[in-house]
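The block underneath contains the structure these notes are about, expressed in structure tokens.
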Amino acid sequence: MRQQQAPAATSKGNDPPIGSYHNVGGRRLLVHRSGSGAPSVVFLSGAGTVGLDYLNVQTMAAEVSTAVLYDRAGTGWSNRVALPRSSRQVTDELDELLRVADLPDPYVLVGHSRRPLRPALRGPVP
């Protein structure tokens, strides 16, 4: 399988409109966190979407709990990454991001479609 590079997340070097970066595996991942308390509701984008596409629903979830949008490596405002990526790589990245961003557990994962949920279903997040 031929390796390809994901398009530049910030082709013009623009900063994201909201959120902050967290270093995960040597890459900067964009995270936007709102609300407080457990569980952390984590929105998993898919099918060509980015985290900020779910801002409206994330805002509603933040009224009752911590709500989190993020861009996986290679998407949105996060750093580039070589493609394709395995489900294990994506899941390990999410596991590390939850720790680095100090998000309260337990976690409720909300997926756009079946694809973003597949890696997350491999087992419990420590």
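Since every read-out is calculated from the coordinates, none of them should be taken as a lab result. All values reported here derive from a predicted model rather than from experimental measurement. For neighbour counting, all protein chains shown are included, and Cβ atoms are generated from backbone atoms with ideal geometry for every residue, glycine included.
For the reader, a short list of remarks on this structure follows.
- Annotation: extensible slack from Ser36 through Arg80 equals 12.8 nm (criterion: 0.36 nm per residue apart, minus Cα-Cα distance).
- Inter-probe distance in nm under a simple model that places probes 7 Å from Cα toward Cβ, at Ser87 and Glu63: 3.5
- In order through segment 26-40: 3J(HN,Hα) via Karplus (6.51 cos²θ - 1.76 cosθ + 1.60), integer Hz, x for Gly, Pro: x, 10, 8, 10, 7, 9, 10, 10, 9, x, 7, x, 9, x, 8
- Gain on full extension, evaluated as 0.36 nm per residue between His112 and Glu96 minus their Cα-Cα distance, stands at 3.7 nm.
- Order of His22, His112 - criterion: other Cβ atoms within 10 Å of each residue's Cβ, fewest first: His112, His22
- By the beta-carbon count within 10 Å of each Cβ, the least crowded to most crowded order of Glu96, Glu63, fewest first, is Glu63, Glu96.
- Annotation: amide H-H contacts under 5 Å for Val41 (H modelled 1.01 Å from N, sequence separation of 5 or more, or interchain): Thr66, Ala67, Val68, Val108.
- Relative frequency of Cα-Cα separations exceeding 19 Å in segment 18-116, percent: 34
- Computed from backbone phi with θ = phi - 60° and the Karplus coefficients 6.51, -1.76 and 1.60, the 3J(HN,Hα) list for segment 45-56 is 6, x, 6, x, 9, 10, x, 5, 5, 9, 4, 4 Hz; x is used for glycine and proline.
- Amide H contacts of Leu83 (H built 1.01 Å from N, under 5 Å, at least 5 apart or other chain): Gln4, Gln5, Ala6
- With neighbours defined as other Cβ atoms within 10 Å of a residue's Cβ, the residues Thr49, Thr75 order from fewest to most as Thr49, Thr75.
- Within segment 29-69: backbone nitrogen closer than 16 Å to the Asp105 label point (7 Å, Cα to C-beta): 38-42
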